[in-house]
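Asks: Pasting in a structure now, in structure tokens, and then I'll have a few things to ask.
The values are calculated or read from the model by the stated rules, or taken from the named source; none is laboratory data. Fair warning: this is a prediction, and the values are worked out from it, not measured in the lab. Note that we place each Cβ from the backbone using ideal geometry, even for glycine, and neighbour counts take in every protein chain shown. Only protein heavy atoms, including side chains, enter the accessible area calculation; ligands, DNA and RNA are left aside. Shrake-Rupley method; radii C 1.70, N 1.55, O 1.52, S 1.80 Å.
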Amino acid sequence: QVRGRCRLAVDAESVLRLFRTSSVEKIREFNPMYADGCDVQKVNDHTKISWSKTHALPLISARDFVTFVQMVRTRRGDIIILNQSTDHPKFPRNANGCVRANMLLGANAVRPLGKNECEFTFVQHVDSGGSIPAWLMNRIM
């Protein structure tokens, strides 16, 4: 499990736009492990299914994820983004030379603090698949 909290010098809506984007180039700006990906299916305005692929590392094969992503806003104005692995026929396991990893729990919370400030909190619990020990994968992430 990986988790953290920080203050960002940007408004909460800008962070939400990053989570909604499908631009590979934009995602790579804040996630250097991101090799490729796309939104597979739009379920509704707040829910999508996405596919993503990580870069391979020395001695570690590339991983891919198929993830159900739901974005909700609380009454207080916080933005909650929940992620959990799912299956989708467009991206079956082992179809693209990657090891399928599973997002057991992914939660991101964005709390507006002011005009150009927010608090970002995240928790990720990932089963990396394959034979990488969990402690090593958590260190890499």
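Asks: For every other residue with a beta carbon closer than 12 angstrom to the beta carbon of A12, add +1 if it is Lys or Arg and -1 if Asp or Glu, then tell me the sum. Display every interim value, and only then the final one.
Replies: On the way: positive: R7, R17, R73, R76, R111, K115; negative: D11, E13, D78, E117, E119.
My count for the surroundings of A12 gives +1.
Asks: Skip the ligands, DNA and RNA, and give the accessible area per residue of the chain with a 1.4 Å probe, whole Å². Can you show the working numbers first?
Replies: Numbers: 8570 Å² over 141 residues.
The answer is 61 Å² per residue.
Asks: Under 15 Å from a label point 7 Å along Cα→Cβ of Q70: give me every residue in the stretch 1-45 with its amide N that close.
Replies: Residues 43-45 qualify, since their backbone N sits under 15 Å from the label point.
Asks: Then there is this: Averaging the inverse of every distinct alpha carbon separation and then flipping it gives the Kirkwood radius. What is it for the stretch 60-107, in angstrom units?
Replies: Numbers: mean 1/r = 0.0818 Å⁻¹.
After inverting the pairwise mean of 1/r, the radius is 12.2 Å.
Asks: Report in % the part of the accessible area of the stretch 2-138 that belongs to carbon and sulfur, leaving out ligands and nucleic acids; probe 1.4 Å.
Replies: On the way: 4440 of 8130 Å².
Answer for the stretch 2-138: carbon and sulfur cover 55 percent of the accessible area.
Asks: Right, here's the next one. Under unit Cβ charges (Lys, Arg +1; Asp, Glu -1), what dipole magnitude, rounded to 20 debye, does the chain have relative to its Cα centre? Present the calculation step by step, with values, prior to reporting the outcome.
Replies: Values: 20 positive and 13 negative charges, 40 e Å.
In total the dipole reaches around 200 debye.
Asks: Here is a follow-up. Can you tell me which of G129, G106, G77 moves the most in a GNM of the chain? Springs connect C-alpha atoms under 10 Å apart.
Replies: Maximum among the listed residues: G77.
Asks: Moving to a separate point now. Using modelled backbone amide H atoms (1.01 Å from N, in-plane), which distant-in-sequence or interchain residues come within less than 5 Å of Q41's amide H?
Replies: Amide H neighbours of Q41, under 5 Å, 5+ apart: I49.
Asks: Moving to a separate point now. For the stretch 2-138, how many pairs of lysine residues have a Cα-Cα distance under 26 Å, where the two are 8 or more positions apart or belong to different chains?
Replies: So the count of such lysine pairs works out to 9.
Asks: What Kirkwood Rh does the chain have if only Cα atoms enter the pairwise 1/r average? Answer in Å.
Replies: Details: mean 1/r = 0.0631 Å⁻¹.
In the chain this quantity evaluates to 15.9 Å.
Asks: Would you work out which of S131, F91, M103 lies farthest towards the positive end of the dipole of the stretch 72-138? Charges go on Cβ: Lys and Arg +1, Asp and Glu -1.
Replies: Looking along the dipole axis, the top candidate is F91.
Asks: Connecting C-alpha atoms closer than 10 Å in a GNM of the chain, tell me which of L59, L18, L82 has the biggest fluctuation.
Replies: Its mean-square fluctuation being the largest, the pick is L59.
Asks: Between T86 and L57, with labels modelled 7 Å along Cα→Cβ, what's the label distance in nm to one decimal, could you check?
Replies: For T86 paired with L57, the spin-label model returns 2.9 nm.
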